[in-house]
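Participant: Quick one: this structure, given as C-alpha cells, is what I'll be asking you about.
The values are calculated or read from the model by the stated rules, or taken from the named source; none is laboratory data. Source: prediction; values computed, not measured. Neighbour counts are summed over all protein chains in view; Cβ atoms, including those assigned to glycine, are modelled from backbone coordinates with ideal geometry. Please note that ligands, DNA and RNA were not included when accessible areas were found on the heavy atoms of the full protein model with its side chains. Shrake-Rupley method; radii C 1.70, N 1.55, O 1.52, S 1.80 Å.
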Amino acid sequence: MAPPQPDVADRLDVTVQPDGKVIAVSDLHLPPERSILSGRCCEVLARKLDAETGPLTVVLVGDVVEMLANPGATARDILDAHDDLCRALAAVTERGGQVIYTVGNHDGDLAWDLKTATAVRELTGAEVCLTADLHLPGGELIRVEHGHQLDPYNCFHDARNPLDTPLGHHIVREVIPKIEWLGRDWLNGAHEMADPADFPSFLASRLVYRKLAHHLWWLVLLPVATFALILPEIGRVGDRFKTTGRWLHDGEILGYGAILDIAIIALILAIVSRRAWTTISALALSGRGYDQNSAARERADELIGHGYTGYLSGHTHHPELHAHGDGFYANTGSCTSVVEAIDTIYGMPPVYLRTQQFSWLEISCGASGASCHAQLKSARVELPGATRLERFLSHARNPHSTAPAMVAAWPDGPDWPADPKQLRDVKSLKKLSTTECRTRKAR
C-alpha cells in the first residue's frame, strides 16, 4: 500500500486582498541548529512581518528549510530552532493574512513526505504548493515558482517521487563536503557560492590569496632585514676598518642586486598567479553571476506573452527586478550567506568574500482596479574570514548596502542590476539607475 501523500497542490491560485501587500522571500536555508546567520535572518524577517499592519500575503519561494544538506534532520526540528520566524508567520494568518510556501529543491521532501508538509503547515500556517498564481486586485497575474525547474542540474522529473535525485543533490551531499574537508583551511564557503559554475575561479583566487600569498612573507622580510640590520652594520665596519671599504662597497652592490632579483621574482610570481587564475577560471562550464537568471527571464517573457504580469522566482541567490515589456521578472535572491566575487584594484584576481545577504520583493496593491507596484529590497553584511590582503584589495568596492534598502522598483524603475557589467562599480551603478528611473518617469 502506498504511503499517504501530503496535500500539496501542483498550482495554487492565491487571491490578494485590496490595499494589501505581498512580501516574497526565498532561500533561507535554515539549518537544524540555530546559528548566528540563521538567527539574524529570522530576526530581520520577523521584525519586518510584525511591522506590517495591513492585509499581508507572505510567499516563501522555496528552500526555506535546508533538508538536502541535512538528510537526518526533520522540518519540525529546523522550524523549532527558528521559532521566532514561525511565530511571525503564524501571526500573519491570525491577522487575516495568508502564507504561501512553494517547494524548492533543497526542501523537495515537502512534495512527497506527509510529516514534513504537516510540520510546515502546523508551525507556519502556510499553504504548500509546487507553483502559485497570485491574483492581484488590479487584475494582474503573477506566476511564482522556486526556479529550480529551469535548472537542468537541479530540476526534478517527478517532484513527488522520493527516488528522483538530480545531479545537484549528489554535489551537495557527496562532492562539496569532501572538497571543503580537503581545503578546510582555505576553501571554506565553497558550498555557499552564489555562482557554482564559478568554482574554478574561486579555487584559483583562494590559491593566490590564501596559499601563495601566505607563504611569500619572506619576500618582504628579506629586504627589510637587509636594510634594517645588515646595511647599518656594514657602515660601522667600514668606519672602523678603512682598508675594507672596497670589499664592503662590492658587498653592497651584491646586496642591492639580490634585492632586485627578489623584486623580479615577486613580479614573475604575480604574473604567474594572474595567468593561473585566468586559465583556471576559464574552466567554468556555464553562465556566471546574473547569467544564471537568463532561463528565468525567458520564462518571464513567455508568461507575459500569455497574459501574466510578472514571473517571480528564487533559487540562484541573485536578486533581480527587471521590466520585461509590459510586465516584469523578479528574483528574491536569498537571506543566507553567499560567497561572491568582488573585483579588486590593480587588476589582481577577484576576491571571493563571504557575506550574509538579505533580499526580498514587496508588491503593493491598491484598491480594485488600481495597478500594483513592486520593490526589491537588498543588503549585504560582510562576515569574518577574509585575509587582510583580501580585505585591502576589495576595500570600498562592495556595492551593496549593509541595511535592507530599495534597489529596484517596477514599473517606475530603476532596474536591478542596472547593468550586470557595472554591478561591482558603485558610482556607475548609481548613475545608471538614476538615468533609467528618469527615463521611465518621462514615459
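Participant: Using a simple spin-label model with points 7 Å from Cα along the Cα→Cβ vector, what separation in nm is obtained for residue 115 and residue 364?
Facilitator: With each label placed 7 Å out from Cα toward Cβ, I get 4.5 nm.
Participant: So, R0 is 30 Å and r is the distance between the beta-carbons of residue 163 and residue 188; what FRET efficiency does that work out to, to 0.05?
Facilitator: About 0.40, to the nearest 0.05.
Participant: What value in Å³ per residue do you get for the convex hull of the alpha-carbon atoms in segment 1-114?
Facilitator: 109 Å³
Participant: Calculate, for segment 312-414, the solvent-accessible area per residue in square angstrom, rolling a 1.4 angstrom probe over the heavy atoms of the protein chains.
Facilitator: It amounts to 35 Å² per residue over segment 312-414.
Participant: Only bridges with both residues in segment 83-195 count here: give the DSSP antiparallel percent, nearest 5.
Facilitator: Of those bridges, close to 50 percent are antiparallel.
Participant: For segment 44-197, report the accessible area per residue in Å² (1.4 Å probe, heavy atoms, rounded to an integer).
Facilitator: Averaged over the residues of segment 44-197, the accessible area is 42 Å².
Participant: Rank these residues by their accessible area, most exposed first, probe 1.4 Å: 358, 199.
Facilitator: In descending accessible area the options line up as 199, 358.
Participant: From largest accessible area down, sort 155, 86; use a 1.4 Å probe on the protein chains.
Facilitator: In descending accessible area the options line up as 155, 86.
Participant: I would also like to ask the following. What do you get when you divide the Cα radius of gyration of segment 300-419 by 2.2 N^0.38 Å, with N the number of residues?
Facilitator: Dividing the Cα radius of gyration by 2.2 N^0.38 Å gives 1.24.
Participant: With each pseudo-label sitting 7 Å past Cα toward Cβ, what's the residue 13-residue 382 distance in nm, one decimal?
Facilitator: Once both label points are built, they end up 5.1 nm from each other.
Participant: Got a sec? What order do 416, 181 fall in by accessible area at 1.4 Å, biggest, i.e. largest, first?
Facilitator: 181, 416
Participant: Could you report the accessible area of residue 118 in Å², rounded to 10, computed with a 1.4 Å probe on the protein chains as they sit in the structure?
Facilitator: 40 Å²
Participant: To continue, here is another question. Just to verify a number: what accessible area does residue 64 come out at with the full protein assembly present, 1.4 Å probe, Å² rounded to tens?
Facilitator: In the full protein context, residue 64 sits at about 10 Å².
Participant: Another one. Using a 1.4 Å probe and ignoring any ligands, DNA or RNA, find the accessible area of residue 16 and quote it in Å² to the nearest 10.
Facilitator: 10 Å²
Participant: Rounded to the nearest whole Å³, what is the per residue volume of the convex hull around the Cα atoms of segment 47-180?
Facilitator: Measuring per residue, one finds 127 Å³ for the Cα hull of segment 47-180.
Participant: Between residue 306 and residue 69, what is the spin-label point distance in nm, taking each point 7 Å from the Cα along the Cα→C-beta axis?
Facilitator: 3.4 nm
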